[in-house]
1. Tell me the net charge near residue 224. Cut-off is 14 Å between Cβ atoms, residue 224 excluded, with +1 for each Lys or Arg and -1 for each Asp or Glu.
2. Once Lys and Arg get +1 and Asp and Glu get -1 on their Cβ, which of 223, 198, 178 lies farthest toward the positive end of the dipole of region 144-253?
3. Which ³J(HN,Hα) values, rounded to whole Hz and listed in residue order, are derived for region 248-254 from phi using the Karplus coefficients 6.51, -1.76 and 1.60 in 6.51 cos²θ - 1.76 cosθ + 1.60 with θ = phi - 60°, glycine and proline given as x?
Amino acid sequence: MKGVIIAIVVVVALGGGGYGGYVMGYSGGEEAGYNTGYPAGQEAAYSQGQEEGYDEGSTEGYTEGKDDGYTEGHNKGYLSGKQDGRAEGYSSGKTEGYAEGLADGKQEGYDEGHTTGYDEGYDEGYDEGLVAGGAGYTIRDPTYAEVIVFLLNDTTDSNDYIDDIYVGEHFARDVCNNAEEEGLRCAFVGLRYPNHSHAIVAFNTSDQGLIYFDPQVDARVEPVVGKKYHECVEGRPFSPPTIDDTIMDILVIW
């Protein structure tokens, strides 16, 4: 019995000591493990969290920054540029359009006004001058007899010939003007010599056709290119001139 009791005491003592050792070992191991594992875990977790946070923050920041920057830049740059461009384009287009429109309008207005004015003026002048017997007059081709009567009554041939002042061209001009005042159609005829010129008149008569007269002497003329003029005048009232009066060209102006 005594031995049994002693064995139990020993067992209890041993068991109690083991438990105490366990408690002390657990406590010491826990503290050492915590002290070792906490910094390591903190460092590992920080690194992983930093990396994940950076990736997520970079992605979100880039996306949000891009969206905000694009929106703001678009609104300010595009809208402002669009508005400025429209204003500049409108101003430039308005100026160019006005200038082109003014030029086209002036030309079109001038053409239309010119045509309308001409037509109305012509009709009115015709009615007043010809149809209504107004102050105007008309000219016509005369008969041969009418030409002779006109020349007999016209006094241009009595004018004095003055060198470089009143010459052949002046005689022809005055006869043409006087004939038209009488309503007779008369042509100014220019004759060209090798080194000189002369002027006569012509009438396109209704019964004898085109006939020529020298207004200085009222003589009939039959001009022919290549022939001397003084030989072409009927009755040859002129003496042979000191110049070559060979006709080189005949120009009839109505």
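Throughout, read-outs are computed from the coordinates displayed, never taken from laboratory work. Every value quoted in this text rests on a predicted model; they were computed, and no experiment measured them. Positions of Cβ are generated from backbone atoms using ideal geometry, with glycine treated the same way; all protein chains shown enter the neighbour counts.
1. Neighbourhood net charge equals -1.
2. Toward the positive end, the furthest listed residue is 223.
3. Residue by residue, region 248-254 yields 9, 7, 10, 10, 9, 10, 8 Hz.
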